[in-house]
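**Student:** Dumping the structure here so I can ask a few things about it.
The values are calculated or read from the model by the stated rules, or taken from the named source; none is laboratory data. Computed from a predicted model, the values in this text were never measured in an experiment. All Cβ positions, glycine included, derive from the backbone under ideal geometry; neighbour counts span all protein chains shown. When the accessible area is computed, the model is the full protein with side chains, heavy atoms only, and any ligands, DNA or RNA have been set aside. Shrake-Rupley method; radii C 1.70, N 1.55, O 1.52, S 1.80 Å.
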Amino acid sequence: MSESRPLISTRLRVVGLVPLAFVSLHFYQQLNYGNPWNLLWWCHVANLALAAGLLFAAAGLVRVSVIWLSLGLPLWVYESIELGELNPTSCLTHLGGLALGLFLLSRLRAAPRAGLHAFLLGIAVQLLSGWLTPAELNVNVAHGIRPGWEGVFSAYWQYRVITTIFFLVTLLGINRVLMRIFPAQINERKNHEIAGD
């Protein structure tokens with residue numbers, strides 16, 4: 001599908017303030033806890049990407065954010081159960097961000113290369129996490145092996161290679177599912193509605 005015409009109307013851009021509010025509330029809470037670095041976890045960055053995608057009419061960022069949040073949701077649920085705590089602002093970024101993203105994707109549609117874009121941007125966020133965050137937080141597993149996996153991997157580089165391959169395959173797989181649910185073909189009338197014509 002050609003994206004030469006705007007896919008995100010001016011009215012829809014205002015919705016970008018919603019995920020921005022989600023992540024701002026989470027950042028404020030984490031700042032009060034003394035953990036501002038937690039903002040750099042992929043799912044929280046995905047909300048920033050979702051907000052930017054809407055505010056700047058960049059449909060590709062919306063697609064990337066939906067893919068990241070789709071991968072992050074089961075991991076977040078597992079970790080919340082494991083830790084025995086459910087953070088309200090984290091619920092907003094994970095559940096609220098994904099619900100909004102899927103709603104938007106039903107209008108913007110999925111795209112064939114979105115999984116690869118999600119992977120490349122994800123690696124960039126992981127590298128940024130390694131440079132900016134304290135090693136003990138291990139944000140986006142940028143510093144070391146995730147606790148519980150030390151017996152499987154003898155060195156961090158092995159863990160990093162395997163998890164990077166898993167990350168790539170999973171993101172591509174999620175995008176394939178999204179392509180089936182939200183195929184790229186969309187009728188012209190619907191395209192006019194999205195563009196606000």
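**Student:** Is it fair to say Arg113 is open to solvent by 80 Å² or more (accessible area, probe 1.4 Å), out of contact with any Ser or Thr (no Cβ under 8 Å at 6 or more places or on another chain), among the basic types (Lys, Arg) and more than 19 Å from Leu61 (Cβ to Cβ)?
**Tutor:** Answer is no for this residue.
**Student:** In addition: Among the residues of the range 14-25, count how many are within 17 Å of Ala99 (Cα to Cα) and either surrounded by fewer than 16 Cβ atoms within 10 Å (Cβ to Cβ) or touching a residue at least 60 places away in the same chain (Cβ under 8 Å) (or both).
**Tutor:** Qualifying residue count for the region: 8.
**Student:** Which one of these does Ala155 not meet: (1) more than 20 Å from Gly53 (Cβ to Cβ); (2) open to solvent by 20 Å² or more (accessible area, probe 1.4 Å); (3) within 16 Å of the chain's Cα centre (by Cα)?
**Tutor:** (3)
**Student:** Kindly establish whether Leu121 is at pLDDT 95 or above and either under 13 Å from the mean Cα position of the chain (by Cα) or assigned to a helix (DSSP H, G or I) (or both).
**Tutor:** yes
**Student:** Something else about it: For the range 145-171: of the residues being free of Cβ contacts under 8 Å to residues at least 40 places away in the same chain and of a type in the set (Val, Ile, Thr), which is nearest to Ser70 (Cα to Cα)?
**Tutor:** The extreme case among them is Val169.
**Student:** Can you confirm whether Leu127 is in a helix (DSSP H, G or I), within 19 Å of Gly53 (Cβ to Cβ) and either polar (S, T, N, Q) or under 18 Å from the mean Cα position of the chain (by Cα) (or both)?
**Tutor:** Here the answer is no, as Leu127 does not meet what is asked.
**Student:** Now for a different question. Going through Arg176, Arg160, Arg180 one at a time, which residue ends up being of a type in the set (D, E, K, R) and either more than 29 Å from Val18 (Cα to Cα) or open to solvent by less than 80 Å² (accessible area, probe 1.4 Å) (or both)?
**Tutor:** Exactly one residue qualifies, and that residue is Arg160.
**Student:** Any idea which of Leu171, Leu98, Leu108 is modelled with pLDDT under 95, open to solvent by less than 60 Å² (accessible area, probe 1.4 Å) and either under 26 Å from Glu82 (Cβ atoms) or not small (Gly, Ala, Ser) (or both)?
**Tutor:** Leu108
**Student:** Considering (1) free of Cβ contacts under 8 Å to residues at least 12 places away in the same chain; (2) of a type in the set (Phe, Trp, Tyr); (3) touching a Gly at 6+ places or on another chain (Cβ under 7 Å), say which one Trp42 fails and leave the rest.
**Tutor:** (1)
Yes/no per residue for (1) assigned to a helix (DSSP H, G or I); (2) of a type in the set (S, T, N, Q); (3) touching a helix residue (DSSP H, G or I) at 6+ places or on another chain (Cβ under 8 Å):
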site: Thr93; (1), (2), (3): yes, yes, yes
site: Arg107; (1), (2), (3): yes, no, yes
site: Ala110; (1), (2), (3): no, no, yes
site: Gly148; (1), (2), (3): no, no, no
site: Phe153; (1), (2), (3): no, no, yes
site: Gln158; (1), (2), (3): yes, yes, no
site: Val161; (1), (2), (3): yes, no, no
site: Asn175; (1), (2), (3): yes, yes, yes
site: Met179; (1), (2), (3): yes, no, no
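**Student:** Ok, one more. State which residue is farthest from the chain's Cα centre (by Cα) when the search covers only the range 130-144 and only residues that are on the phi > 0 side of the Ramachandran plot and part of a helix (DSSP H, G or I).
**Tutor:** Checked the range 130-144; the qualifying residue farthest from the chain's Cα centre (by Cα) is Val141.
**Student:** Here's something else I'd like to know. Looking at (1) open to solvent by less than 40 Å² (accessible area, probe 1.4 Å); (2) at positive phi, find the lone condition where Leu40 falls short.
**Tutor:** (2)
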